[in-house]
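Please treat every number below as a calculation from the coordinates, not as lab data. These numbers were taken from a predicted model, which means no experiment stands behind them. Cβ placement follows ideal geometry from the backbone for every residue including glycine, while neighbour counts extend to all protein chains displayed.
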Amino acid sequence: MKYVLTGSAGNITRPLASTLLSAGHQVVVIGRDAARMTELTAQGATAAIGSVEDTAFLTETFRGADAVYTMVPPHHNPTSWKEYIGTIGANYAAAIADAGVKKVVNLSSIGAHVADGCGPVSGLYRVEQALNGLTGVDVLHLRPGFFYLNFLGTIGMVKGMNIMGGNYGDADTKLVLVHPDDIAAVAAEALQSFSFTGHSVRYIASDERTTGDVAGVIGDAVGKPGLPWVEFTDEQNSAGMKQAGMPDEIVTNYTEMGAAMRSGIMQEDYWKHRPAQLGATKLEDFARSFAAIYAAS
């Protein structure tokens, strides 16, 4: 099989590509920087250097693929983030149609069932809608939970303030958590089995824990037992991100996403369609990785 993957050598695409290559498949990986993909090209992947903003490039690269994996790469200083994400989704849809691709696995997110009010995830709603407009193409939308890796951004807070916190809610707020390796495993299974038809959704989670659990487990791992979770207001959350130098558009969207998590809107559809089996990487597993990065920082 020939697979074309977007996402360069990112946290999901890298293990996904490795799994497909190990199974003997032909893998093309799209990215802007060839130097970032040397690990994958050494394993036998082909690097396609170009931008997901270039529909003609996508069309040519997708041509002849048995399936493609789509994701919207990070944008570090967008002027209208949701619209930008939606535009990339439209690019993918046009290229898939023109290239004649029949199977697509798309990385979306928990909360993408909501048209607006969920920050950047509302952009992924637009991506889903664009891909669902395709006829004669089977599309599986993967909707993972909140990435463990997001908590790495709290290392300075833990070190300097002896707390963890966010505007997601109080210490009893339940989060749906996920590790990129567990997403990659689901994507690899779907791409190789071709078991999905029509336009469908699959939720992915590694663990389901409260914010208080997160702080407590990570606190134990870094030698700060009893580390508390502190709920921030939206205003405090925005001010902290601005102080850290984040662009206003990113701040606005992340704060909106946190508020949607706090209200439960982000997770409401997940609980209605919760996966029968969770991924392998539990909070305690991630805490060990967090502790290693914390110690080295």
Report the one residue of A280, P78, V214 whose Cα lies farthest in the direction of the positive end of the charge dipole of the chain (charges on C-beta: Lys and Arg +1, Asp and Glu -1; origin at the Cα centre).
A280
What are the DSSP H helices in the chain that stretch 24 Å or more along their long axis, judged by alpha-carbon atoms, and whose average Kyte-Doolittle hydropathy comes to at least 0.0?
81-99
Taking the alpha-carbon centroid of each part, what is the distance from the stretch 40-113 to the stretch 151-170 in angstrom?
33
Let me know the shape class of the stretch 31-110, please: from the alpha-carbon gyration tensor, a ≥ b ≥ c as square roots of the eigenvalues, rounded when a/c is under 1.5, otherwise prolate if a/b is greater than b/c, or oblate.
oblate
May I ask what percent, to the nearest 5, of DSSP beta bridges between residues of the chain are antiparallel?
10
Over 24 Å between Cα atoms: which of K174/K272; K242/K272; K174/K242; K242/K282 fall into that group?
K242/K272; K174/K242; K242/K282
Quotient of C-alpha Rg and 2.2 N^0.38 Å, computed over the chain
1.00
Of all DSSP beta bridges in the stretch 91-220, antiparallel share, percent nearest 5:
25
Packing-ranked peptide list from 274-282, 252-260, 3-11, 49-57, highest mean Cβ count within 10 angstrom first, is 3-11, 252-260, 49-57, 274-282
Cα shape, the stretch 248-297, gyration tensor, a/c 1.5 rule:
oblate
Work out the charge dipole of the chain with +1 on the Cβ of Lys and Arg and -1 on the Cβ of Asp and Glu about the Cα centre, then indicate which of A260, A93, L58 is farthest towards its positive end.
L58
